[in-house]
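First up is the structure itself, then whatever we jot down about it.
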Amino acid sequence: MTERTEDERWAAVEEAIELLHEEDVDGAVEALRAVLLADADNVHAHYYLGLAFMRRDKAGAALAAFAEASHRDPAHLGAVVYRGWCLYELGRFEEAIDAGERALEIKADDDDALHLLGLAYAETGRKSAAIGYLERFLKGRPSAEDRFDAEALLITLRGGAKVMPEA
């Protein structure tokens, strides 16, 4: 089997990316699996398969895809960060913290990694670390919803308003 170029690997996932944009997640998963059957080393296919599984709310399957992508390309920031978010969703907070810290080694002050770390540290009860990461996150350009949530959590972490239990 011949080694594929980076351009060929990107071209192989174009259809699947388009299907994701069109919200055809099932079609994208099918297309990405076909790409991976032909080229198991295609990091982009593993990454986008992870995104597709996230859209299906399948954190475990997404985690496996992102882990494979980050294993094959340890500098793939998206795969590392989303692997962390999957771990967070699965309640594996210490591993999520490790992934977030790894992401910051790739790109210091990455907003998604800072947000992940703030939430994961809060879940583990390490308030000062959570506060530090959330403050750094808010210096970026978070969405209005993420900004509101982070500011509310900061108030709680600093001993302000109490978090209401979920209904």
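The values are calculated or read from the model by the stated rules, or taken from the named source; none is laboratory data. What you see is a predicted model; the values in this text were computed from it and never measured. FYI the Cβ positions are ideal-geometry reconstructions off the backbone, even for glycines, and counts take in every protein chain you see. With ligands, DNA and RNA removed, areas are computed over all heavy atoms of the protein, side chains included. Shrake-Rupley method; radii C 1.70, N 1.55, O 1.52, S 1.80 Å.
For the reader, a short list of remarks on this structure follows.
- Across the chain, the longest piece that holds none of the GluC sites (Glu not before Pro) lying in DSSP loops with up to 11 other C-beta atoms within 10 Å covers 24-165.
- Between residue 55 and residue 15, the FRET efficiency estimated from the beta carbon spacing at R0 = 22 angstrom works out to 0.85.
- Rounded to the nearest 500, the 222 nm mean residue ellipticity of the chain from helices alone is -23500 deg cm²/dmol, with -39,500 (n - 2.57) taken per DSSP H run of at least 4 residues.
- Net lengthening on full extension, residue 147/residue 37 (0.36 nm per residue, minus Cα-Cα): 35.5 nm
- Accessible surface area normalised per residue over the chain is 57 Å², counting heavy atoms of protein chains with a 1.4 Å rolling probe.
- The tail of the calculated P(r) for the chain beyond 25 Å holds 38 percent of all Cα-Cα pairs.
- Square roots of five times the Cα gyration tensor eigenvalues for the stretch 81-167, Å: 20, 15, 12
- Summarising the label geometry, the points placed 7 Å from Cα in the beta-carbon direction at residue 98 and residue 158 lie 3.3 nm from one another.
- Portion, in percent, of the accessible area of the stretch 54-125 that falls on carbon or sulfur, probe 1.4 Å: 45 percent
- Per DSSP, loop chymotrypsin sites (Phe, Trp or Tyr not before Pro) in the stretch 58-148 with at most 14 further Cβ within 10 Å: none
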